[in-house]
Amino acid sequence: MTSPVQAAAHERGRKLLGLYRRGVGGERTNAGRLLLAHLRTHDLTLYDLDPSLPVTQDLGALENWRESAALFSQLDTPAHDDALTRLVDAGDLTDAELARLLERVDLQRLVDVRADGWAYAHGGDGHGRTADADAYRRAARSVTPAMLLGGRGSLADRLLAAVLREHHRLTHPERLIRAADELQKRVLLGLIFGLTGTRGELVPEGVRAHLNVDQLARVRALLASQGERLAGEALRHAEALGAEVGRSG
């Protein structure tokens, strides 16, 4: 059992650690000096003050300290819920950390909590905020943890992106837009992504994508009016790139 003296030493050490982490210039230097003296006087290590840190008195270990790593050490403690919430929004997690976090998070529950906010920020299909939120919750049922690995951003960011993709897929019919050649396929891919923010799929006949009636009409109109110009620009760029490679070869 920790004695009152030991508890006071730990508390004082944590305060000095906080000052050192937040400090700049001379303030940081002074806090570091006091922290090191405190550790040596009370035979403490950085781990004793923060379980996310190594068992050492070397302050150099703090140079690579990350708040996210510290938050993981707070899981399964009284601070569990707050730490988990903050980790969900942390944008600096490694792939291994994200995988660990996914084991702890109920994705459907997270969607339930955030769907109304997402609908407010990303809705606007004319059905109202509540209908949009429910549609996002339905779309989330198709999202698996594996879909969130290998992406970018926080877990919350990746989940939102996946839900929006699934929502788009469920609310927009699948269309096949035929293309004359590979170059026209690529032009179509670009037009679809530019108009909808979602990517189509290359197939032998052309491009397959989820589009509503207005989007489909707009893609076809742009292909008819701008397709020849875009193809010409692409060919000129290919020629210029070939010349650049030729000069360097």
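Here, each number is a calculation from the coordinates, and none is a lab measurement. Remember, predicted model here, so these are calculated numbers, not experimental data. All Cβ positions, even for glycine, are placed from backbone atoms using ideal geometry, and neighbour counts span all protein chains on display.
Determine the distance separating the Cα centre of the range 173-218 from the Cα centre of the range 1-23; give it in Å without decimals.
Going from one Cα centre to the other spans 60 Å.
Give me the distance in nm between label points sitting 7 Å out from Cα along the Cα-to-Cβ direction at residue 108 and residue 149, one decimal.
Placing both labels 7 Å along Cα→Cβ, they lie 2.2 nm apart.
What size of dipole, in debye to the nearest 20, comes out for the chain about its Cα centre when the only charges are +1 on Lys and Arg C-beta atoms and -1 on Asp and Glu C-beta atoms?
With Lys and Arg at +1 and Asp and Glu at -1, about 380 debye.
For the range 11-68, what are the per-bin percents of Cα-Cα distances with bins 5 Å wide, up to the bin holding the maximum?
4, 20, 35, 28, 11, 2
At 30 angstrom or more along the helix axis (alpha-carbon based) and mean Kyte-Doolittle of 0.0 or higher, what helices does the chain contain? Whole DSSP H runs only.
Span-like helices here: none at all.
Which option, (i) 41, 18, 15; (ii) 32, 21, 16; (iii) 52, 26, 14, is the value of semi-axes √(5λ) of the Cα gyration tensor in Å that was calculated from these coordinates?
(iii)
Calculate, in nm to one decimal, what residue 244 and residue 66 gain on full extension: separation in residues at 0.36 nm each, minus their alpha carbon distance.
59.7 nm
For residue 175, what residues show an amide H to amide H distance below 5 Å, using hydrogens built from the backbone and excluding near sequence neighbours?
Those qualifying (amide H under 5 Å, at least 5 residues apart or on another chain) are 209, 210, 211.
Counting Lys and Arg as +1 and Asp and Glu as -1, each charge on the Cβ, what is the dipole of the range 107-245 about the Cα centre in debye, to the nearest 20?
That gives the range 107-245 a dipole magnitude of about 340 debye.
Using alpha carbon coordinates only, what is the Rg to Rh ratio of the range 43-182, with Rh defined as the Kirkwood radius?
1.14
Loop-only GluC sites (Glu not before Pro) in the range 149-249, please: DSSP not H, G, I, E or B, and at most 15 other Cβ atoms within 10 Å.
Qualifying residues, ordered by number: 205.
Considering Cα pairs under 8 angstrom that are at least six residues apart, work out the relative contact order of the chain and quote it in whole percent.
Once divided by the residue count of the chain, the mean separation gives 10 percent.
Test of understanding: in a Gaussian network model of the chain with alpha carbons linked when under 10 Å, which of 150, 25, 117 would top the mean-square fluctuation ranking?
The residue with the greatest mean-square fluctuation here is 25.
Along the charge dipole of the range 108-249, pointing to its positive end and built from +1/-1 on Cβ of Lys, Arg, Asp and Glu, which listed residue (150, 219, 176) has its Cα farthest out?
150
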